[in-house]
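Enquirer: Quick one: this structure, given as structure tokens, is what I'll be asking you about.
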Amino acid sequence: MATTQQSRARDGGPRPGPLARVPFPVVDEVARHCEQDAEPNTVHIEIHLPGRVDEGRLRSAFTEALARHPRALMRERPRGAFARRYEWELTGSADPDPVSFPPSGPGALARARARALDQAPPLTASPPLRLDVVREPGGEGCVLVFAVHHTALDGPACMRLAATAAEVYGAHRTAPAPAPARPASEPPAGESPAAPLARPARIAAGAPGPSAVPGNAMLLAELPVPRRESGAPYTVNDQLMVATALTVADWNRSQGAPGADRRPLRITMPVDDRTRGPEMPIGNGTRLVEVGFAAAELVPGADVAALLRATAERTRALKARPRPPLGRAASLLTAPLLPVAARAAVTRGLRVLAGPWTSTTLLSNIGRVPYPLDFGEAGRATAVWFSAPARMPRGLTFTTASTGGRLHLALRWSRTLLGDEDGVRLREMFTRHLASTSSETV
């Protein structure tokens, strides 16, 4: 479908016709209902390159990448008070230029990261993402820092755009990446120790300090990918899941959280079945599942090998089980029976009521980055970090990706829940528990 239509003016010349419209999918609508200025709903991505990109060539390459993925060229369409749907307008070209080259200077990368967390790109401008190319004095390389409005796009979709831009910039083409392997369907696992109706543990508050302002903070780390024996019944994702569960349980005990040894944990895990090739659908394409852990499984001295096997059984069953992206309840909430303003009020009210039953935290593992991200003379990416929003009531998210045999971890938290020193402690706990899942120690 063309993004614009042409009609004839009275003088016989062409004039732009109406833009193509796309109703908000369920995920986009729920995210739009729950927008909060205090905690912007952004995905942060940064790609580290050993060399520096040419400004004109990168702008041209990213423009071409957007043209090849026109679904990213969208903005929220104005609507009337009684509209029953939010709609995207497909614009065919960018409104403002999404690429910027901020001045080089000390702390430039820290400022770009803070901006990615604190300032969401507007939904009223196409595309709803921003790319800052950061160059710090004294360094030979550069960092591509993306800020993506999560109401419109997710991290893997933005990475597809970046991969296409790299292909154009480097004047080479790469073979399409294979589709992610889907597990064979199997009977659902037994009842999870953290049953859906059980009220899960929350992240215990740390020491954000009296001057803490709303919003998110972040800490990045580079770790070794945990080893596992060939033929092991679990994956690296399962090792990350176990490390996350043990970290949260350890943290809550250290903070003296009430019920820390009784309440189960539930960890939200995005599942993405999209192909990674040039035809990858752009937008929010993951579905969310919840992996449960009983409190008794996460006590000090827990049998990590047994926990890895149990976790693998749960994640395989959850991935194989068909499910709408946010569950059936969300599909009902977004049915266009009432104006969107009324549905938004209902959704926000239900979100508050459901807060105590929201999952404990989120682990988003992108896995091995499936693209070379080769920018010609600027080189291939040496590190790629993602971070997912850490809005309350969860207040803490773990995001991982691997490049060049190294694991890149982003801890992101709500500043009203945790402070900077808390982030350091959580990183140390996660590092220790991830090492405990390695084949050398299990």
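The values are calculated or read from the model by the stated rules, or taken from the named source; none is laboratory data. Only a predicted model underlies this, so the values are computations on that prediction, with no experimental measurement involved. Using ideal geometry, Cβ is built from the backbone for each residue, glycine included, and neighbour counts are taken over all protein chains shown. For the accessible areas, the whole protein counts, side chains as well, though only heavy atoms, and no ligand, DNA or RNA atoms are used. Shrake-Rupley method; radii C 1.70, N 1.55, O 1.52, S 1.80 Å.
Enquirer: Any residue in the range 251-262 that is within 12 Å of Val299 (Cα to Cα) sitting within a Cβ distance under 6 Å of a residue that is open to solvent by 60 Å² or more (accessible area, probe 1.4 Å)? List the pairs, counting only those 6 or more apart or interchain.
Expert: As it stands, the answer is Ala260/Arg253, since those pairs meet every condition given.
Enquirer: Checking Ala342 against (1) open to solvent by less than 70 Å² (accessible area, probe 1.4 Å); (2) in contact (Cβ under 8 Å) with a residue 40 or more places away in the chain; (3) over 30 Å from Met429 (Cα atoms), only one condition comes out false. Which one?
Expert: (2)
Enquirer: In addition: Among the residues of the range 210-247, which ones are open to solvent by 70 Å² or more (accessible area, probe 1.4 Å), in contact (Cβ under 8 Å) with a residue 24 or more places away in the chain, more than 16 Å from Asn365 (Cβ to Cβ) and out of contact with any helix residue (DSSP H, G or I) (no Cβ under 8 Å at 6 or more places or on another chain)?
Expert: Scanning the range 210-247 gives Val213, Pro214, Arg227, Glu229.
Results for (1) of a type in the set (A, V, I, L, M); (2) touching a Phe, Trp or Tyr at 6+ places or on another chain (Cβ under 9 Å); (3) at pLDDT below 95; (4) under 30 Å from Thr334 (Cα atoms), shown as yes or no for each residue.
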| residue | (1), (2), (3), (4) |
| --- | --- |
| Pro70 | no, no, no, yes |
| Arg85 | no, yes, yes, yes |
| Val99 | yes, yes, no, no |
| Pro103 | no, no, yes, no |
| Ala110 | yes, no, no, no |
| Ala114 | yes, no, no, no |
| Leu117 | yes, no, no, yes |
| Leu129 | yes, yes, no, yes |
| Ala165 | yes, yes, no, no |
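Enquirer: Within the range 270-299, how many residues turn out to be aliphatic (A, V, I, L, M) and closer than 22 Å to Phe386 by Cα?
Expert: 6
Enquirer: Another question, if that's okay. What are the residues in the range 53-74 that are under 21 Å from Pro23 (Cα atoms) and not in a helix (DSSP H, G or I), if any?
Expert: Of everything in the range 53-74, those that are under 21 Å from Pro23 (Cα atoms) and not in a helix (DSSP H, G or I) turn out to be His69, Leu73, Met74.
Enquirer: Only one of these conditions is not met by Leu338: (1) assigned to a loop (DSSP other than H, G, I, E, B); (2) over 20 Å from the mean Cα position of the chain (by Cα); (3) under 29 Å from Tyr234 (Cβ atoms); (4) among the aliphatic types (A, V, I, L, M). Which number is it?
Expert: (3)
Enquirer: Still on this structure: Thr360 versus (1) modelled with pLDDT of 85 or more; (2) surrounded by fewer than 19 Cβ atoms within 10 Å (Cβ to Cβ): which is the lone unmet condition?
Expert: (2)
Enquirer: Residue check, Met392 against (1) free of Cβ contacts under 8 Å to residues at least 40 places away in the same chain; (2) of a type outside the set (Ser, Thr, Tyr); (3) crowded, with 16+ Cβ neighbours inside 10 Å, all met but one. Which one?
Expert: That leaves (1) as the condition not met.
Enquirer: Right, next: Could you name every one of the strands (runs of 3 or more DSSP E) located completely within the range 1-48 that has at least 1 residues being at pLDDT 80 or above and touching a helix residue (DSSP H, G or I) at 6+ places or on another chain (Cβ under 9 Å)?
Expert: Answer list for the range 1-48: 20-23.
Enquirer: Scan the range 381-430 for residues that are part of a loop (DSSP other than H, G, I, E, B), within 26 Å of Cys142 (Cα to Cα) and not polar (S, T, N, Q) and jot them down.
Expert: Listed by number, the residues that qualify are Ala381, Ala388, Pro389, Gly404, Gly405.
Enquirer: Going through Gly277, Gly285, Gly259 one at a time, which residue ends up being among the small types (Gly, Ala, Ser), under 16 Å from the mean Cα position of the chain (by Cα) and farther than 22 Å from Gln239 by Cα?
Expert: Among Gly277, Gly285, Gly259, only Gly285 is among the small types (Gly, Ala, Ser), under 16 Å from the mean Cα position of the chain (by Cα) and farther than 22 Å from Gln239 by Cα.
Enquirer: Let me ask something additional. Among the residues of the range 248-263 satisfying the criterion of being among the small types (Gly, Ala, Ser) and at pLDDT 90 or above, which is surrounded by the fewest Cβ atoms within 10 Å (Cβ to Cβ)?
Expert: Per the stated criteria, the residue is Gly256.
Enquirer: Then there is this: Among Ala110, Ala81, which is the only one that is small (Gly, Ala, Ser), open to solvent by 60 Å² or more (accessible area, probe 1.4 Å), in contact (Cβ under 8 Å) with a residue 40 or more places away in the chain and more than 26 Å from Arg287 (Cβ to Cβ)?
Expert: Ala81
Enquirer: While we're looking at this one, here's another question. May I ask you to list pairs of residues, at least six apart or on different chains, whose Cβ atoms are under 7 Å apart, with the first in the range 417-442 being under 15 Å from Thr397 (Cα atoms) and the second being among the β-branched types (Val, Ile, Thr)?
Expert: Leu417/Ile203; Leu426/Thr247; Met429/Thr247; Phe430/Thr247
Enquirer: Where residues in the range 116-147 are among the β-branched types (Val, Ile, Thr) and open to solvent by less than 20 Å² (accessible area, probe 1.4 Å), which of them is nearest to Arg59 (Cα to Cα)?
Expert: Val133
Enquirer: Of the numbered conditions (1) of a type in the set (D, E, K, R); (2) over 30 Å from Leu73 (Cβ atoms); (3) surrounded by fewer than 23 Cβ atoms within 10 Å (Cβ to Cβ), Arg266 fails exactly one; give the number of that condition.
Expert: Condition (3) is where Arg266 drops out.
Enquirer: Please find, among Asn237, Asn284, the residue that is at pLDDT 95 or above and among the polar types (S, T, N, Q).
Expert: None of the others qualify; the one that does is Asn237.
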